[in-house]
Structures are given as structure tokens and as C-alpha cells.
Amino acid sequence: MTVLEHGISTPAAACEFARRIPKAELHIHIEGSLEPELIFALAQRNGVALAYPTVESLRAAYAFTDLQSFLDIYYAGASVLLHEADFFDMAWAYFQRAHADNVIHAELFFDPQTHTARGVDMGTVVRGLRRACEQAQAQLGISSQLIMCFLRHLSEEDAFATLEAALPYREHLVGVGLDSSEVGHPPEKFTRVFARCRELGLRIVAHAGEEGPPDYIWQALDVLKAERIDHGVRCLEDPTLVARLAAERVPLTVCPLSNLKLCVVNDLADHPMKRLLDAGLCATVNSDDPAYFGGYMNANFVQTVQALGLTESEVIQLARNSFEASFVSPSDRSGLMNKLERSIQ
Ligand code: ADE
Ligand code: ZN
């Protein structure tokens with residue numbers, strides 16, 4: 001461990017420390033890991049026309065003003081995914097980057113409606129992703145699980161049809177989530193479909209309090225029975241909510257670079273991560289859509305540590321939180337925690 005004699009660590013040491021310790025990633029949209037180069041390669045392989053002539057021109061379009069301005073480009077990028085091999089290649093590229101950042105467990109979101117609406121079969125999506133998960137375990141030692149997300153700008157009826165299509169693959173899903181355009185699409189819009197998911201034994205997460213108000217976090221907890229809140233940063237506007245999240249240790253999967261790129265914060269120095277930790281919340285660091293937001297796990301850790309002056313103890317807390325918040329068995333959690341504890345001896 002690089003903590004100095006009096007327990008004070010230098011910023012550079014804290015960054016190096018954050019890079020090397022084992023961690024879990026719990027908020028990664030796998031379609032958001034599609035790098036422009038892979039988008040172009042898959043477009044060519046599948047004969048899909050893109051609105052941008054070059055990789056550079058596509059990358060240049062990644063100047064977002066809010067969540068919706070990002071989602072428009074993100075869904076267009078996913079249009080190159082047609083075959084099982086495409087989903088495999090995308091997820092395998094992510095796992096290799098995650099491995100380089102010492103991610104040892106990952107819970108991957110995927111958006112099937114983005115694909116089924118284009119005529120791609122649910123099985124094609126799940127089989128491609130599963131195969132990458134299996135190879136990540138075998139070749140990289142990374143454990144992983146899949147969380148199917150419902151697009152909240154679509155209807156609850158559409159979500160029910162998606163759940164139905166996913167039932168043959170139930171064994172491959174640890175849980176379900178709720179993503180896409182938040183404002184105007186409150187969690188309560190999906191009350192019935194999440195109730196059905198709970199009956200099926202699926203774990204529940206939901207994006208809430210990214211752009212939407214604290215009330216959406218209350219709804220995610222009380223109506224959907226979410227066990228983790230994705231983003232959740234706007235909870236700080238409601239002290240009663242913060243007290244509840246702290247008392248119940250409801251994890252928040254926070255995504256600092258995403259918040260910066262989508263203008264949820266104007267500067268990383270204003271990011272609420274330290275305030276969340278100081279409030280005793282189980283906050284975690286995640287990359288959200290790393291190909292679009294300028295970095296994978298370690299970039300998120302390092303830039304947050306630098307901007308907020310986080311200490312090594314806070315970095316350890318964030319890594320411990322990531323394992324505490326993961327949907328693994330108690331024995332797998334102990335195994336993951338032990339790897340972290342050994343790395344900081
Ligand atoms: N889908 C992909 N990234 C997302 C985000 N940050 N918020 C909501 N939906 C998303
Ligand atoms: Zn997200």
C-alpha cells in the first residue's frame with residue numbers, strides 16, 4: 001500500500017493505487033462500449049450505411065449537451081449490430097479493456113429493444129453477449145452477469161413484450177433495469193412490468209436522479225422496489241432521501257465522466273462523489289458508456305480522484321462498495337473482497 005507514514009496519500013499515489021486495485025463495474029451499457037472504429041468495422045462487415053463518412057467525423061459529433069443529445073447518437077451507433085458475432089465482438093472488446101483496468105467482476109446492461117425493433121432476435125443478442133461473458137471468465141478471470149434494460153421512452157406494453165421474448169433466456173439474466181430518456185418517463189410508468197420481473201426472481205435496478213428529480217428515486221425504491229439506483233446523484237437535493245439511502249445502504253452506481261459529458265455537472269471539481277461518500281452512501285464508480293464519454297473504469301477513477309482530491313482510503317471504500325453492491329452470491333462476494341484486501345496489504 002502506498003499510504004504515507006501519517007496516513008496521508010499524495011494525489012499521484014492515490015491515482016496509481018486506484019488503477020491497480022481490483023474492482024467491479026456495475027453500470028456499463030454494453031452498447032455504450034462500441035468504439036467508433038468498431039462501429040465502422042461492423043458497418044462495413046454488415047453493409048450498414050452510417051450518417052458519418054469517417055471515424056473522425058463520428059467522434060467529432062460526440063459533443064453532448066444533455067442525455068437526449070447523447071441517446072440519439074448512441075442508438076444510431078447500435079444500428080450496426082445485426083449478428084451474434086457482432087454482439088460477441090462488442091462485449092469481448094469491452095472485457096479486454098475492463099481487464100486492463102483491473103475490473104474483476106462486471107454487470108453488463110443491454111438494451112434489447114434497440115435491436116429487436118430492427119428485426120434482430122433476442123436470442124442473437126443474448127447468445128453473443130453470453131459467449132463473450134464465458135470467454136471473459138475463461139481467458140481473463142472476469143466474472144460477469146447480464147442485466148436487461150427496458151427503454152423508458154417506450155411503452156410499458158413494449159416492455160412486457162420484451163420480457164416475454166426474454167423468458168427463454170431467463171437463466172442468463174441476473175436482473176432488469178430501466179434506462180433511456182428519464183425526464184417525463186417516471187419509474188411508476190413501469191409499475192406492472194417490474195412487479196412481474198420481481199415474481200420471476202429478477203433483481204431490480206433503475207436509472208433515477210441522473211437528470212430526473214429526487215421523486216424519481218423515491219419511485220424507483222418504493223414502486224419498482226429497486227435494489228440499486230443507477231446514477232442517483234440528484235438525491236443530494238433531498239436530505240430525507242439521503243438518510244434513507246444511507247440507512248438502507250442502497251448502492252448508487254455513479255458515473256463521473258458521463259455526468260461531465262452530459263452536463264449533469266459543469267466541472268468534475270463540482271462532482272458530488274465526495275459528498276455522497278461523506279454522507280455515508282454506498283457510492284460506486286462506473287463508466288456508463290465509455291466509448292462516448294472519454295474513458296473506461298480507470299479513467300473514471302483517476303479523473304475523479306484528481307478533481308476531488310480523494311484519498312486512498314476513499315478509493316478503497318469505492319472498490320469495497322462495488323463488491324458490496326454486486327449481485328453475486330455471498331461466497332463469490334467474499335472471494336472478490338478477499339482479492340481486494342490482498343491487493344492492499
Ligand atoms: N442509456 C445509455 N446510457 C444512458 C444513461 N446515461 N442514462 C440513461 N440511459 C442510458
Ligand atoms: Zn446508464
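The table that follows gives values for the structure above.
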| quantity | calculated |
| --- | --- |
| Set of aspartates and glutamates near K339 by C-alpha distance (under 19 Å), chain-local residues within fewer than 8 positions excluded | E16, E25, D101, E107, E312, E314, E324 |
| Low-density loop cleavage sites - trypsin sites (Lys or Arg not before Pro) in the range 110-185, where at most 16 other Cβ are within 10 Å (DSSP) | R118 |
| Semi-axis lengths (Å, descending) of the ellipsoid that matches the C-alpha gyration tensor of the range 260-302 | 19, 13, 8 |
| Residues of type aspartates and glutamates that K189 reaches as a straight line, Cα spacing below 16 Å, ignoring anything fewer than 8 places off in the same chain | E156, E157, D158, D179, D215, D222 |
| Lys/Arg +1, Asp/Glu -1 at C-beta; the chain dipole; positive extreme among Y52, S329, S313 | S329 |
| Which of C197, A138, Y169, positive extreme of dipole for the range 135-231 (C-beta unit charges) | A138 |
| Helical contribution to [θ] at 222 nm, DSSP H n ≥ 4, -39,500 (n - 2.57), averaged over the chain, rounded to 500 | -14000 deg cm²/dmol |
| Ranked by how many other beta carbons lie within 10 Å on average, peptides 280-288, 316-324, 134-142 from highest | 280-288, 316-324, 134-142 |
| Along each principal axis, Cα extent of the range 5-56, largest first, Å | 60, 24, 15 |
| Choice from I73, I30, I39 showing the highest fluctuation, given a GNM over the chain with Cα pairs closer than 10 Å | I73 |
| Partners for K261 among aspartates and glutamates (Cα-Cα distance below 15 Å; same-chain residues under 8 apart left out) | D66, D72, E210, E211, D270, D288, D289 |
| The chain: mean projected area of Cα convex hull, nm² | 16.4 |
| In Å, descending, principal axis extents of the Cα set of the range 262-345 | 41, 27, 22 |
| Computed Kirkwood radius, in angstrom, where 1/r is averaged over Cα pairs of the range 69-154 | 13.4 |
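Each value in this text was obtained by applying a stated rule to the coordinates, not by laboratory testing. Just so it is clear, the structure is predicted and the values come from calculations on it, not from any experiment. Counting neighbours? That spans all protein chains shown, and the Cβs are built from the backbone with ideal geometry, glycine included.
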